[in-house]
Amino acid sequence: MHYASFRAFYPYYLSEHRNPICRRLHFVGSSLVLLVLGSAVFSARWQLLWLLPLIGYGFAWLGHFLFEKNRPATFRHPYYSLLGDWLMFWQILTRRLPF
């Protein structure tokens, strides 16, 4: 399906993350991405940056394959999905979405 905007895509994105364990895995993966990114920047250990996609996608895809039993939106909508990950992270952090 084609989405004309991120605003149109996001309800679909949330529907693909109904399982709380999947959302938690996304949140943990995103949190670890931020920690590793901060560590790499502050320590100037740039070799840590290769871990970012492994951590971020690894946790998210485990949630989809093991708990949601669906295919991650990243495969069909990579840019909107990345935006959706961070918006969902922010909404969980600010308690707009349940953890």
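So how many Å³ per residue does the convex hull of the Cα atoms of the chain work out to? Intermediate results must be reported in sequence, preceding the final value.
On the way: hull volume 9.6 nm³, N = 99.
Normalising the Cα hull of the chain by residue number yields 97 Å³.
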Discussion item. Would any residue of the range 1-21 have its amide N under 12 Å from a label point 7 Å out along Cα→Cβ of LEU83? List them or say none.
Written reply: 3-11
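Calculate for the chain the 222 nm mean residue ellipticity that helices alone would give, adding -39,500 (n - 2.57) per DSSP H run of length 4 or more and normalising by residue count, nearest 500 deg cm²/dmol.
On the way: 4 runs with 62 residues, N = 99.
Theoretical 222 nm ellipticity from helices: -20500 deg cm²/dmol.
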Item to complete: Per residue of the range 16-28, in order, report the coupling 6.51 cos²θ - 1.76 cosθ + 1.60 (Karplus, θ = phi - 60°) as ³J(HN,Hα) in whole Hz, putting x for Gly and Pro.
Response: 8, 10, 6, 6, x, 5, 4, 4, 5, 5, 4, 5, 4
Worksheet item: Residue by residue through the range 82-99, which ³J(HN,Hα) values in whole Hz follow from phi under the Karplus form 6.51 cos²θ - 1.76 cosθ + 1.60 (θ = phi - 60°), with glycine and proline marked x?
Response: 4, 4, x, 4, 6, 5, 4, 4, 5, 5, 5, 4, 8, 6, 7, 10, x, 7
Worksheet item: Short version: ³J(HN,Hα) in whole Hz for each residue of the range 42-48, in order, from phi by Karplus 6.51 cos²θ - 1.76 cosθ + 1.60 (θ = phi - 60°), x for Gly and Pro, what are they?
Response: 6, 9, 6, 9, 5, 5, 5
Worksheet entry | Residue among SER43, LEU83, HIS64 farthest towards the positive dipole end of the range 21-93, charges placed on Cβ | HIS64
Item to complete: Among GLY63, GLY84, GLY38, determine the one that fluctuates most according to a GNM of the chain built with springs between C-alpha atoms less than 10 Å apart.
Response: GLY38
Worksheet item: Given a Förster radius of 30 Å and the C-beta distance between ARG71 and GLN91 as r, what FRET efficiency does 1/(1 + (r/R0)^6) yield to the nearest 0.05?
Response: 0.85
Fill in: GNM result for the chain, Cα springs below 10 Å: residue of LEU35, LEU52, LEU82 fluctuating most strongly
LEU35
Worksheet item: Relative contact order for the range 21-93: what is it in percent, counting Cα pairs under 8 Å that are at least 6 residues apart?
Response: 39
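Every read-out reported here was derived from the displayed coordinates using simple, explicitly stated rules and does not represent laboratory data. What you are looking at is a predicted structure, and each value in this text was computed from that prediction instead of being measured. For neighbour counting, all protein chains shown are included, and Cβ atoms are generated from backbone atoms with ideal geometry for every residue, glycine included.
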